[in-house]
Each structure stands twice: as C-alpha cells, then as structure tokens.
Amino acid sequence: MKISYNWIKEFVDIDVDAYTAASALTMSGTEVEDITHQSVPKEVICARVVEARKHPDADKLFVCTVDTGRESLQVVCGAPNTRAGMMSAFAPVGCDLGPGMLVKKA
C-alpha cells in the first residue's frame with residue numbers, strides 16, 4: 001500500500017524527515033518498503049475546458065477545446081467526467097510525466 005507522507009503528517013505531529021519517520025515505522029514493526037518522491041512537472045498548468053464533444057471515431061474519448069490563458073488548444077481526453085467549464089490540470093506536448101509518460105502530439 002502506498003501512503004503519502006504529507007497525508008500522515010495531517011494526522012500525526014511529526015517533526016522529522018520522511019527517512020527518519022520510515023526508520024521509526026520499520027523499527028515499530030510497520031515495514032516501509034520504499035520512499036518515492038513525486039512532484040508535478042513545472043509545465044503542468046491549470047486550464048479551462050471551453051468545449052467538450054464526443055470523439056467521432058472513439059466511444060470513450062472527447063475532443064476538447066482548452067483555454068490555457070495564453071492560447072486555445074484542441075486536445076483529446078479520455079476522462080469520463082470531462083465537461084465544458086471545468087478547470088483541470090493540463091500537460092502540454094513535450095511534458096514528461098514520468099517513466100513512459102511523455103505527452104505527444106498524435
């Protein structure tokens with residue numbers, strides 16, 4: 001099971017770094033297998049979905065017009081809750097979201 005260290009800090013008053021807390025947890029009988037650092041790439045921004053319509057060739061996809069605040073872009077989205085007016089995280093072409101997750105133009 002993966003648990004966020006920040007989430008743990010919401011419930012327990014911890015004044016040590018993640019590695020010290022992991023060591024203490026392991027010594028108490030709760031094994032910490034790994035510590036993974038995750039962050040949102042700086043290229044990811046908040047954007048507004050201006051329009052969302054069904055993709056003509058795929059049942060589970062939407063063709064969206066997205067306003068980034070600088071430009072209006074057409075993107076394909078697979079989120080079933082996509083709708084006009086919503087604000088969402090937006091990763092532009094070229095953004096590296098992690099191993100095997102490079103945003104490409106297709």
- Filtered residues of region 53-67 (kept if in contact with a Gly (Cβ under 9 Å, 6 or more places away or on another chain) and open to solvent by less than 40 Å² (accessible area, probe 1.4 Å)): A58, F62
- Message: I'd like the full set of residues that are out of contact with any Lys or Arg (no Cβ under 6 Å at 6 or more places or on another chain), part of a loop (DSSP other than H, G, I, E, B) and surrounded by 12 or more Cβ atoms within 10 Å (Cβ to Cβ), limited to region 84-106.
- Response: A84, M86, A91, P92, C95, L97, V103
- Item | Cβ pairs under 9 Å, 6+ apart, first in region 83-106 and on the phi > 0 side of the Ramachandran plot and modelled with pLDDT under 90, second assigned to a loop (DSSP other than H, G, I, E, B) and exposed (fewer than 10 other Cβ atoms within 10 Å of the Cβ) | G98/Q38
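Which of the residues belonging to region 68-82 are surrounded by 12 or more Cβ atoms within 10 Å (Cβ to Cβ) and either in contact with a His (Cβ under 7 Å, 6 or more places away or on another chain) or under 20 Å from K54 (Cβ atoms) (or both)? Please lay out each step first, then the result.
First pass over region 68-82, keeping only residues surrounded by 12 or more Cβ atoms within 10 Å (Cβ to Cβ): 68, 72-73, 75, 77, 79, 82.
Across region 68-82, the qualifying residues are S72, L73, V75, C77, A79, T82.
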- Task: Kindly provide the set of residues from region 30-52 that are over 24 Å from D96 (Cβ atoms), part of a loop (DSSP other than H, G, I, E, B) and open to solvent by 70 Å² or more (accessible area, probe 1.4 Å), ordered by number.
- Result: T30, E31, E33
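The values are calculated or read from the model by the stated rules, or taken from the named source; none is laboratory data. Fair warning: this is a prediction, and the values are worked out from it, not measured in the lab. Cβ atoms come from the backbone with ideal geometry, glycine included; neighbour counts cover every protein chain shown. These accessible areas exclude ligands, DNA and RNA; they are computed on the full protein's heavy atoms, side chains included. Shrake-Rupley method; radii C 1.70, N 1.55, O 1.52, S 1.80 Å.
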